[in-house]
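Undergrad: The structure under discussion is supplied below as structure tokens; questions concerning it will follow.
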Amino acid sequence: MAAPPPSDDVLSGEGLEHLFEVLNRASGIVAAVSGGPDSTALMHLLARWHAAGSRPPVHVATVDHGLRPEAAEEAAFVAREAAALGLSHRILTWTGDKPRTGIQEAAREARYRLLVDYAHEVGASHLATAHTLDDQAETVMMRLARGSGLSGLAGMRRETDRHGIPHVRPLLDWPKATLLDLCQGYGWRYVDDPSNADERYARVRWRRLMPLLAAEGLDAERLARLAERAAQADEALDLKAQEALERAGPVLEGGNLSFQAGILANEPFEIALRIMERAIATTGLENSRLHRLEACTERLREAVRAGEALHLTIAGALVRLGRSGPISIGPEPPRRRGR
């Protein structure tokens, strides 16, 4: 369940120990700090925690996406603030061509790629970001609007694996207002990112709607509670899907996974869907969009029940179903053009 909301003694040794308990086992921590109040508060809290005892090294990193001229000075500002706290700092720059559409998603992917690469470079085992309760609520609403399934409605997890680096969000229970109060109350300097008011971005537009939803009872706390309950259900269904796949006798050979396809027809649709998702991931391929995976799973279930053979492709995978029931999933062979 969610941790209790931050109290007045959050800056005490005991409060910081509880907040960063997950980082005690780290060999090093990369803290992503943009300079805004949320990440600035994270940096100061980590600095106090680090100074309170024998702690793993904290490496502050700021990503300059190269999208705003003032971003370089903001990164330099964070470098000065980190130095004043006795923390190392690195500016990570996203270079190369930028896409004309989907820029926020591309920037997000680039940001995490740079942060994970930096963590590997400095020998850090963990990445920490300052995502808040409000960020979680916005994420749930955005995913709901896109028609996400249960996994999407679970929102951001407290810990996520990023290419072998655990990405932790220790402030996920904290409202943004609390972090802003900390910065203002303790004189922690921060910068204002003008893109946070740019309504070209979906998250900004949702942020403007959140007070209206809260007035109807759908506030950040309730949305976060929904996410947590969805995460619990998602974890349980994943476990059941894994158990079902194991009963189907999976064999991985030469990059191809085969198993008895009857499991797809015998299990509830949601379990069958997750079996296919796991099977595709096992072959090293990226999973498709939910609606495509749903359509693929439904076709396979129908073919299994009818005793028909079926070949189809999805997410770069070739799925082959034999009449006798075995199913094989592996990389789609290269297409031969001009023939």
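The values are calculated or read from the model by the stated rules, or taken from the named source; none is laboratory data. Everything numeric here is computed off the predicted structure, so don't read it as measured data. Every residue, glycine as well, gets a Cβ built from its backbone with ideal geometry; the counts of neighbours run over all protein chains shown.
Undergrad: Kindly indicate which of Gly15, Gly35 is out of contact with any helix residue (DSSP H, G or I) (no Cβ under 9 Å at 6 or more places or on another chain) and either among the charged types (D, E, K, R) or closer than 22 Å to Asp181 by Cα (or both).
TA: Within the list Gly15, Gly35, the selection yields Gly15.
Undergrad: Which residue pairs have Cβ atoms under 8 Å apart, sit 6 or more places apart or on different chains, and have a first residue in region 137-164 that is assigned by TED's automatic domain parsing to the domain that holds Leu114 and over 21 Å from Tyr112 (Cα atoms) and a second that is among the basic types (Lys, Arg) and surrounded by 13 or more Cβ atoms within 10 Å (Cβ to Cβ)?
TA: Partner pairs satisfying both residue conditions: Leu153/Arg143.
Undergrad: OK, next. Criterion first (surrounded by fewer than 17 Cβ atoms within 10 Å (Cβ to Cβ), out of contact with any helix residue (DSSP H, G or I) (no Cβ under 9 Å at 6 or more places or on another chain) and under 23 Å from Arg146 (Cα atoms)) does His291 satisfy it?
TA: Criteria met by His291.
Undergrad: Between Gly123, Gly147, which is out of contact with any strand residue (DSSP E or B) (no Cβ under 9 Å at 6 or more places or on another chain) and within 30 Å of Ala52 (Cβ to Cβ)?
TA: Only one candidate qualifies: Gly123.
Undergrad: State the number of residues belonging to region 173-208 that are more than 20 Å from Leu42 (Cα to Cα) and charged (D, E, K, R).
TA: Within region 173-208, residues that are more than 20 Å from Leu42 (Cα to Cα) and charged (D, E, K, R) number 7.
Undergrad: Can you confirm whether Leu11 is among the aliphatic types (A, V, I, L, M), surrounded by 15 or more Cβ atoms within 10 Å (Cβ to Cβ) and either touching a Cys at 6+ places or on another chain (Cβ under 8 Å) or assigned to a loop (DSSP other than H, G, I, E, B) (or both)?
TA: So Leu11 fits the description; yes.
Undergrad: Identify the residue in region 41-74 that is small (Gly, Ala, Ser) and modelled with pLDDT of 95 or more and, among all such residues, is surrounded by the fewest Cβ atoms within 10 Å (Cβ to Cβ).
TA: Ala47
Undergrad: Shifting gears a bit: Has region 273-293 got at least one residue that is touching a Gly at 6+ places or on another chain (Cβ under 9 Å), aliphatic (A, V, I, L, M), over 30 Å from Leu133 (Cα atoms) and not in a helix (DSSP H, G or I)?
TA: So far as region 273-293 goes, yes, one or more of its residues are touching a Gly at 6+ places or on another chain (Cβ under 9 Å), aliphatic (A, V, I, L, M), over 30 Å from Leu133 (Cα atoms) and not in a helix (DSSP H, G or I).
Undergrad: Answer with yes or no whether Thr132 is modelled with pLDDT under 90, of a type in the set (S, T, N, Q) and either in contact with a His (Cβ under 6 Å, 6 or more places away or on another chain) or assigned by TED's automatic domain parsing to the domain that holds Pro211 (or both).
TA: So Thr132 does not fit the description; no.
Undergrad: Same structure again: Does region 94-140 hold any residues that are among the aliphatic types (A, V, I, L, M), more than 15 Å from the chain's Cα centre (by Cα) and surrounded by fewer than 18 Cβ atoms within 10 Å (Cβ to Cβ), and which are they?
TA: Ile103, Val122 - these are the residues of region 94-140 that are among the aliphatic types (A, V, I, L, M), more than 15 Å from the chain's Cα centre (by Cα) and surrounded by fewer than 18 Cβ atoms within 10 Å (Cβ to Cβ).
Undergrad: Here is a further query. Given Thr40, Thr62, which one is more than 22 Å from Gly123 (Cα to Cα) and of a type outside the set (Gly, Ala, Ser)?
TA: After ruling out the rest, the residue left standing is Thr40.
Yes/no matrix, rows are residues, columns are (1) among the acidic types (Asp, Glu); (2) assigned by TED's automatic domain parsing to the domain that holds Thr283; (3) buried (at least 16 other Cβ atoms within 10 Å of the Cβ); (4) under 30 Å from Ala177 (Cα atoms):
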| position | (1), (2), (3), (4) |
| --- | --- |
| Pro194 | no, no, no, yes |
| Ala197 | no, no, no, yes |
| Ala202 | no, no, no, yes |
| Glu243 | yes, no, no, no |
| Leu252 | no, yes, no, no |
